[in-house]
Amino acid sequence: MTPRVASGRRTRNPGPGRRRASVAVGPRHRRPARRRVVGGVPPVLDVDVARLGAAAVLRVAGPLVATTAGRLAGLLDDLLAVDVAVVVLDLLDLDSLDDTGVGVLVAATAGARRRGAVLRVLADAPRTLDPLRARGPALHVCDLTGSGRRGGRAPARTCGP
């Protein structure tokens, strides 16, 4: 069965009693390009963990996206497996946040509640606050931008219970 090319379309002769299927070829019908990694280096998520008694502070820097969210999920699971009462996620240096990253934070919050711990999220930029606010009450987000307006000095919500 050899493909025939006629007027920019590749067709196959399917044989007797079968319908002919065509596959479009040419520049207008190419698949969209996949996301390319800049410089050939995958994104890196930097996480700095500080233990303060029964509390832990995780400073997260870089992109929290589908390719890096697994690392943070593993760290949060490991922290919650030991006796940690409070986990604070410092997202002040986060470059970007997608739905996978938000899902990891929501799952970690639920896991912390099941274990009797508390998970708080610190954020100050719209690139991180907007996706977090879209999840509603599933996350306790400490907005450090001000009382509902940008550029304010007082926190809109404290990180207490």
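The values are calculated or read from the model by the stated rules, or taken from the named source; none is laboratory data. Model, not experiment: these values are computed from the prediction. A quick note on method: Cβ atoms are made from the backbone with ideal geometry, for glycine too, and the neighbour counts reach across all protein chains shown.
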### Query
Residue check: is VAL60 of a type in the set (A, V, I, L, M, F, W, C), crowded, with 18+ Cβ neighbours inside 10 Å and in a loop (DSSP other than H, G, I, E, B)?
no
### Query
Only one of these conditions is not met by VAL88: (1) touching an Asp or Glu at 6+ places or on another chain (Cβ under 8 Å); (2) touching a residue at least 60 places away in the same chain (Cβ under 8 Å). Which number is it?
(1)
### Query
Does ARG71 meet the test of being farther than 24 Å from LEU129 by Cβ and either at pLDDT 50 or above or not assigned by TED's automatic domain parsing to the domain that holds ASP95 (or both)?
no
### Task
State yes or no: is ASP46 at pLDDT 80 or above and loosely packed, with under 15 Cβ neighbours inside 10 Å?
yes
### Task
Could you check, for region 77-99, whether at least one of its residues is closer than 21 Å to ASP143 by Cβ, small (Gly, Ala, Ser) and in a strand (DSSP E or B)?
yes
#### Entry: region 100-145, subset at pLDDT below 90 and in a loop (DSSP other than H, G, I, E, B), residue farthest from VAL57 (Cα to Cα)
ALA134
### Message
Would you confirm whether or not region 63-75 contains a residue that is in contact (Cβ under 8 Å) with a residue 40 or more places away in the chain and either crowded, with 19+ Cβ neighbours inside 10 Å or of a type in the set (Phe, Trp, Tyr) (or both)?
### Response
yes
